[in-house]
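One structure is given here, and the rest of the page talks about it.
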Amino acid sequence: NAGVTQTPKFQVLKTGQSMTLQCAQDMNHNSMYWYRQDPGMGLRLIYYSASEGTTDKGEVPNGYNVSRLNKREFSLRLESAAPSQTSVYFCASSGMSSGNEKLFFGSGTQLSVL
Amino acid sequence: DAKTTQPPSMDCAEGRAANLPCNHSTISGNEYVYWYRQIHSQGPQYIIHGLKNNETNEMASLIITEDRKSSTLILPHATLRDTAVYYCIVRVALGGGSNYKLTFGKGTLLTVNP
């Protein structure tokens, strides 16, 4: 039982390049989330998926796209990377436990855009 | 969104109780208070949550004031491994459905000293 798995752990891109961050969970959770964390800051929600087949924008969606491929997988795509997207990206999932929401996080992807 | 206010940093001696305060004066009646922590650059880890009653689990205790405008997270016997950033969060509903978001502020850096 691995929980939430993110790949890659580190990535360096040049401005304008594209890439996809992968996330998979094995807890049979319905909801999945993508957050970014800039140095010295809290986490900000980029996109979320309440269930398979649905996605919605969070606080900072510009420059990103997501795909909920199936119940397990939720990917984040940067079509044309910009230096402002240098950040640590966290994927999370949650299942309703007794009507309350606990988020389980992956270990993060450190992305640098040069 | 209900916002939270936490001190930026606190120190605690190893083996002593760590009491981390949080103000959430604009919290609504059905909004839960969640606590997470983030050790170094790992993904945040769930600690505890509550609505209006005090809660205790194997990690910590949560004391919520009667007016629900503030809460305190208590780590009863802090260890060096408890050094982390602690986030106090008010859970907010997304749209009109049963999905929620957790907005992470800057949190409190707790340093446990030997």
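Given H placed 1.01 Å from N in the peptide plane, which residues other than close sequence neighbours of A:G3 have an amide H under 5 Å from its amide H?
Answer set, sorted by chain and number: A:D26.
Report ³J(HN,Hα) in whole Hz for each residue of segment A:78-88, in order, from the Karplus equation J = 6.51 cos²θ - 1.76 cosθ + 1.60 where θ = phi - 60°; Gly and Pro get x.
9, 6, 9, 5, 10, x, 5, 8, 5, 5, 9
Taking the Cα centre of chain A as origin and charging only Cβ (+1 Lys, Arg; -1 Asp, Glu), how large is the dipole, in debye to the nearest 20?
Roughly 160 debye for chain A.
Assign unit charges at the C-beta atoms only (+1 for Lys and Arg, -1 for Asp and Glu), then state the dipole size of the protein assembly as shown relative to its Cα centre in Debye, rounded to the nearest 20. Provide the component values of the computation, followed by the final result.
Details: 20 positive and 17 negative charges, 71 e Å.
My answer is approximately 340 debye.
Would you kindly derive the ³J(HN,Hα) couplings of segment B:83-90 from the backbone phi angles with the Karplus curve 6.51 cos²θ - 1.76 cosθ + 1.60 (θ = phi - 60°), listing them in order in whole Hz, with x for Gly and Pro?
My calculation for segment B:83-90 gives 4, 5, 8, 10, 10, 9, 9, 9 Hz in order.
I need the shape label for the protein assembly as shown. Rule: rounded when a/c is under 1.5, else prolate if a/b > b/c, else oblate, with a, b, c from the alpha carbon gyration tensor. Write out the running numbers ahead of the final one.
On the way: a/c = 1.90, a/b = 1.45, b/c = 1.31.
Prolate.
In debye to the nearest 20, how big a dipole does chain B give about its Cα centre with +1 on each Lys and Arg Cβ and -1 on each Asp and Glu Cβ?
Computed about the Cα centre, the dipole is about 240 debye.
Looking at segment A:18-97, I'd like the Rg to Rh ratio, where Rg is from alpha-carbon atoms and Rh is Kirkwood's inverse mean 1/r.
Working: Rg = 12.2 Å, Rh = 12.7 Å.
Here the Rg-to-Rh quotient is 0.96.
Quick note: the coordinates plus some simple rules give every number you see, no bench work behind them. Only a predicted model underlies this, so the values are computations on that prediction, with no experimental measurement involved. No Cβ is skipped: glycine too gets one built from the backbone with ideal geometry, and neighbour counts run over all protein chains shown.
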